[in-house]
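Chemist: Take this structure, written in structure tokens, and hold onto it; I'll ask about it next.
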């Protein structure tokens, strides 16, 4: 018998992800990574095992790896360095600080920023964006709980991307069209289209 959520269930899920990653129209593997926000010690090892498997799947199929990282920055970076990150690695909803952005930049990881970059209390995130090289910056299309100011509290949706992008351009000290063109090019490179 297979227990729900057990090793066999993880193996089955990873086999399905591997099969899907082989499809030509699939652009990335993820979100995957580590989320320690509400995870006890028992769950950490399982998350890391799954994350490592996703890294291997992305590399085997030449797909982008899309990372979810919550309260686990050092461990995510450690696993990527240890396992060997895929050629194209994207930090979805980037949440690290400027120091981590420097590490990501040196490794060539894409950093995708969401509406929370507009929040008053998000100066560390804006500092990270300032450090991130223009050729590695992306913008989130639909982070449902990270609606940009002044619309914070409402449901987020792709139509608010220009609000986030405008704020990001201000942080980068470039005009919106320049950043939009860079994000377009970066997205095409990140997801190989």
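What follows draws every value from the coordinates through simple rules; no lab data is involved. On a predicted model such as this, the values are computed, not experimentally measured, just so you know. Using ideal geometry, Cβ is built from the backbone for each residue, glycine included, and neighbour counts are taken over all protein chains shown.
Chemist: Compare the peptides 119-131, 50-62 by average per-residue count of other Cβ atoms within 10 angstrom and give them in order, highest first.
Modeler: Working: 119-131: 15.7, 50-62: 19.0.
Peptide ranking by packing, descending: 50-62, 119-131.
Chemist: Further question: Taking the chain on its own, what percent of its Cα-Cα pair distances exceed 26 Å?
Modeler: Details: 6191 of 18528 pairs.
Counting pairs separated by more than 26 Å, the tail of P(r) holds 33 percent.
Chemist: For the range 50-64 and the range 83-109, what is the separation of their Cα centres, given in Å?
Modeler: Each part's Cα centre sits 16 Å from the other's.
Chemist: Can you figure out the FRET efficiency of residue 119 with residue 9, using R₀ = 35 Å and their beta-carbon distance, to the nearest 0.05? Display every interim value, and only then the final one.
Modeler: Details: r = 37 Å, r/R0 = 1.06.
Given R0 = 35 Å and the Cβ-Cβ separation, E is 0.40.
Chemist: At q = 0.15, 0.17, 0.23, 0.26 Å⁻¹, what log₁₀ I(q)/I(0) does the range 20-89 have when each alpha carbon counts as one equal point scatterer in the Debye sum?
Modeler: Summing over Cα pairs of the range 20-89 leads to -0.45, -0.56, -0.94, -1.13.
Chemist: For the Cα atoms of the chain, what angle does the longest principal axis make with the long axis of helix 161-172, in degrees from 0 to 90, nearest 10?
Modeler: 70
Chemist: In the range 46-147, how does Rg compare with the Kirkwood Rh, expressed as the Rg/Rh ratio over alpha carbon atoms?
Modeler: Details: Rg = 13.3 Å, Rh = 13.9 Å.
Here the Rg-to-Rh quotient is 0.96.
Chemist: Relative to the longest principal axis of the C-alpha atoms of the chain, give the angle of the C-alpha long axis of helix 7-21, reported between 0 and 90° and rounded to the nearest 10°.
Modeler: Between the helix axis and the principal axis of the chain, the angle is about 60 degrees.
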